[in-house]
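A short worksheet on the structure shown next.
Each value in this text was obtained by applying a stated rule to the coordinates, not by laboratory testing. Owing to the predicted nature of the structure, the values given are computational and were not obtained by experimental measurement. With ideal geometry, Cβ positions are generated from the backbone for all residues, glycine too; neighbour counts draw on all protein chains shown.
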Amino acid sequence: MKVSKRIFNLETETAFSILANANKLSKEGRDIVNLGIGQPDFKTPQNIQEAAIKAIRDGYHGYTPSNGIIELREAISEMIFMDYDAKTSPENILITPGGKPVIFFSTLIFGGEGNEIIYPDPGFPIYKSMINYSGAKAVPLVLSEQDDFQINIDKLESLITDKTSLIIINKPNNPTGSFIPKEKIQKLVTMLEKFPHTYILSDEIYSKIIFENKRMPSLLEYESIKERLIVLEGWSKTFCMTGWRLGWSVWPNNIYEFANKMCVNDHSCPSSISQYAGLEAIKGPKDEVDKIVKEFERRKNFVFKNLNNLKNIKCFKPGGAFYAFPNISKSGLGGKEFSDIALNEKGVALVPGTSFGYSGNDFVRISYANSMENLEKGIYRISTI
Ligand SMILES: Cc1ncc(COP(=O)(O)O)c(C=O)c1O
């Protein structure tokens with residue numbers, strides 16, 4: 001068998017295998033509380049569902065342009081202007097099947113032997129997997145508990161070399177839920193201005209799930225880095241549309257066509273039906289989304305308070321997304337052993353911190369995309385580990 005050597009560099013997302021394992025145990029009759037999965041537990045709002053059904057009935061079920069329908073790209077451009085007071089042409093917006101292809105495309109475009117790509121650790125596991133697949137050197141930027149899991153700007157600066165082709169940033173962060181305040185984002189941008197040869201991929205997929213009425217700017221607001229900025233966004237988390245496979249991204253002029261060619265070569269175009277649903281999500285009423293974010297905040301408060309009441313757990317306060325990333329080192333176990341005991345003995349699915357990078361050994365990720373009742377049950381069950 002003569003397969004490409006690089007294929008062995010691809011890794012996977014442990015959260016999916018944990019989900020499969022948890023489902024298998026449930027099918028065998030075990031009572032499993034799943035706090036492992038990273039998707040909202042709410043239904044896609046009704047008006048969005050109706051728009052998809054209408055699209056099918058009206059005959060909008062064929063191929064679309066590879067970069068997405070113009071109405072949708074225009075709607076996103078308007079939304080960016082309203083939300084961030086930033087001008088973005090629909091010609092720089094790309095619609096893809098979920099946000100994930102943006103990681104795939106940007107690492108392939110900026111990767112390859114001789115290049116270095118910096119990524120957050122702990123971070124979404126696909127970053128490292130794809131950097132390694134591309135042939136580039138994967139350079140972890142450790143986000144530490146002492147820094148509230150925020151980017152340490154000096155540390156980041158020390159990692160940038162003349163080989164750094166891309167820096168990946170994720171805010172709010174998966175798996176820690178960390179939030180970066182505006183002043184710090186400004187400092188980050190000022191530092192990045194010193195390195196005009198590096199591009200930036202800002203993964204902002206959780207941008208609308210932010211707590212305590214705080215506001216976190218998009219990197220799109222900073223003109224000085226706009227010509228080398230890719231922003232990954234999408235519908236999956238904000239509109240509870242993970243299975244619809246729909247994401248949007250903004251690309252600089254000189255890279256856009258590369259990414260668009262990747263779309264043609266990879267998937268032709270995103271689902272037409274999902275795009276019409278996505279258009280309704282952007283243009284239609286947002287009260288459902290507001291309710292969902294409030295509910296996530298209520299759960300965040302519950303999880304944060306109750307985890308910190310446990311003797312073996314210390315948990316940092318998440319500022320966004322729907323994850324808590326407690327330190328479990330007082331239990332005397334590593335995150336992997338803790339998660340194994342949680343699943344096999346206590347019936348609670350969690351994701352070990354090491355699934356998100358080398359630095360996650362003392363941690364587990366708890367997703368609070370589950371009902372209050374299940375969160376209460378799950379936390380009670382792990383209290384004895
Ligand atoms: C940080 C981060 N980026 C990107 C994605 C991909 O999102 P999508 O489901 O839209 O492909 C996820 C999904 O979990 C994520 O957590």
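With both residues required to sit in the stretch 47-283, DSSP beta bridges show an antiparallel share near 30%. Simple point charges give the picture: +1 on the Cβ of Lys and Arg, -1 on the Cβ of Asp and Glu, and for the chain a dipole about the Cα centre of about 860 debye.
The loop-placed trypsin sites (Lys or Arg not before Pro) in the stretch 67-141, going by DSSP, that have at most 15 neighbouring Cβ atoms within 10 Å of their Cβ come out as Lys87. Shape call for the stretch 258-329 from the C-alpha gyration tensor, a ≥ b ≥ c root eigenvalues: rounded (a/c under 1.5), prolate (a/b greater than b/c) or oblate? Note, shape of the stretch 258-329 comes out oblate.
At 222 nm, what value in deg cm²/dmol follows for the chain if DSSP H runs of at least 4 each add -39500 (n - 2.57) and the sum is divided by all its residues, to the nearest 500? Calculated mean residue ellipticity at 222 nm is -12000 deg cm²/dmol.
Restriction of the GluC sites (Glu not before Pro) in the stretch 275-358 to DSSP coil positions whose beta-carbon has at most 13 other beta-carbons within 10 angstrom yields Glu345. Putting +1 on Lys and Arg Cβ atoms and -1 on Asp and Glu Cβ atoms, find which of Ser26, Asn254, Met372 reaches farthest to the positive end of the dipole of the chain. The one lying farthest along the dipole's positive direction is Ser26. Computed from the Cβ-Cβ distance with R0 of 22 Å, the FRET efficiency linking Arg30 to Ser383 stands at 0.70. Among the trypsin sites (Lys or Arg not before Pro) in the stretch 279-385, those placed in a DSSP loop whose Cβ has at most 11 other Cβ atoms within 10 Å are Lys311. Residues whose amide H falls under 5 Å from that of Val139, counting only those 5 or more places apart or on a different chain, are Ile117, Ile118, Tyr119, with hydrogens built in the peptide plane. For the residue pairs Lys187/Lys286; Lys208/Lys336; Lys87/Lys317; Lys171/Lys226; Lys155/Lys187; Lys24/Lys171, the C-alpha atoms sit more than 24 angstrom apart in Lys187/Lys286; Lys208/Lys336; Lys87/Lys317; Lys24/Lys171. Identify the residues of the stretch 346-385 with backbone N under 18 Å of a label point that sits 7 angstrom from the Cα of Phe302 along the Cα-to-Cβ direction, or state none. Once the point is set 7 Å along Cα→Cβ of Phe302, 348-350, 366-383 turn out to lie under 18 Å by backbone N, inside the stretch 346-385. Using alpha carbons only, how many angstrom separate the centre of the stretch 169-192 from the centre of the stretch 271-337? Spelled out, the Cα-based centre of one part sits 18 Å from the other.
Listing Val142, Val3 from fewest to most neighbouring C-beta atoms within 10 Å gives Val3, Val142. Look at where the Cα atoms of the stretch 26-46 and of the stretch 78-133 average out, and the two centres are 28 Å apart. Using a simple spin-label model with pseudo-atoms 7 Å out from Cα toward Cβ, Lys182 and His61 lie 4.7 nm apart.
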